[in-house]
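Asker: Structure provided below as structure tokens; questions to follow.
The values are calculated or read from the model by the stated rules, or taken from the named source; none is laboratory data. Just so we're clear, the structure is a prediction, and the values are computed from it rather than from any experiment. When we count neighbours, we look across all protein chains shown, and the Cβ atoms used for this are built from the backbone with ideal geometry, even at glycine. Accessible surface is based on the protein model in full, side chains and every heavy atom, while ligands, DNA and RNA are left aside. Shrake-Rupley method; radii C 1.70, N 1.55, O 1.52, S 1.80 Å.
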Amino acid sequence: MTLISTLSGGVLGVGSTLVVEAVRTKRDQRLRHAELRRTAYVRYLTALTEAETALQTLALSRPTPIASSDVVEAFRSTGVIAARYELFLVAPPGVYDAARDAYDLLRAVRVAIATTNLEVGDDSAEWQALHHPYDTALRHLRAAMRDSLGASFE
């Protein structure tokens with residue numbers, strides 16, 4: 001009887017240790033993935049902001065339209081494309097869609113600076129009509145990112 005009790009106690013002990021370790025491993029994986037997403041989100045938001053700033057600085061420094069090569073260089077110099085690819089590897093579909101929308105609208109700003117006579121600034125209705133959709137998309141992207149991080153964000 002004592003041998004059976006000892007064996008069953010040992011099996012229960014080992015079994016419970018395996019269960020606890022499996023739960024801990026799963027939790028650690030979720031935390032690592034959340035941190036990976038958070039890092040990619042920050043990189044992408046930073047790159048978008050830097051690209052937007054580079055485009056606005058360029059457009060404020062000289063009359064538009066500006067040579068496409070200069071506009072593309074200002075846009076790409078921020079690493080926004082690499083950050084976009086990184087984000088798309090780890091983002092859930094809702095964040096991916098919002099990130100793509102923000103990127104596409106920022107590209108529309110880039111194209112407008114290179115192809116149209118555009119007054120850039122807060123007082124310009126044409127600039128606001130072009131820039132406001134990007135700002136809205138960026139707000140939606142940040143909200144989607146916060147939602148995807150959920151409790152791990154807090």
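Asker: Can you give me the accessible area per residue for the range 26-154, using a 1.4 Å probe, in Å²?
Answerer: I get 55 Å² per residue for this part.
Asker: Rounded if a/c is under 1.5, else prolate if a/b beats b/c, else oblate: with a ≥ b ≥ c from the C-alpha gyration tensor eigenvalues square-rooted, which is the range 94-148?
Answerer: oblate
Asker: Between residue 147 and residue 97, with labels modelled 7 Å along Cα→Cβ, what's the label distance in nm to one decimal, could you check?
Answerer: 0.9 nm
Asker: Report the gain in length on full extension from residue 77 to residue 46: 0.36 nm times residue separation, minus Cα-Cα distance, nm rounded to one decimal.
Answerer: Values: separation 31, 0.36 × 31 = 11.16 nm, distance 1.26 nm.
Answer, rounded to one decimal: 9.9 nm.
Asker: Apply the Karplus curve 6.51 cos²θ - 1.76 cosθ + 1.60, θ = phi - 60°, to the phi angles in the range 114-119 and return the couplings in whole Hz, x for Gly and Pro.
Answerer: Going residue by residue, I get 8, 10, 10, 7, 10, 8 Hz, with x marking Gly and Pro.
Asker: Taking the simple approach of a point 7 Å from Cα along Cα-to-Cβ for both residue 70 and residue 32, what is their distance in nm?
Answerer: 4.8 nm
Asker: When the chain is fully extended, how far beyond the present Cα-Cα distance does residue 129 get from residue 107, taking 0.36 nm per residue of separation?
Answerer: Taking residue 129 through residue 107 to full extension adds about 6.5 nm, to one decimal.
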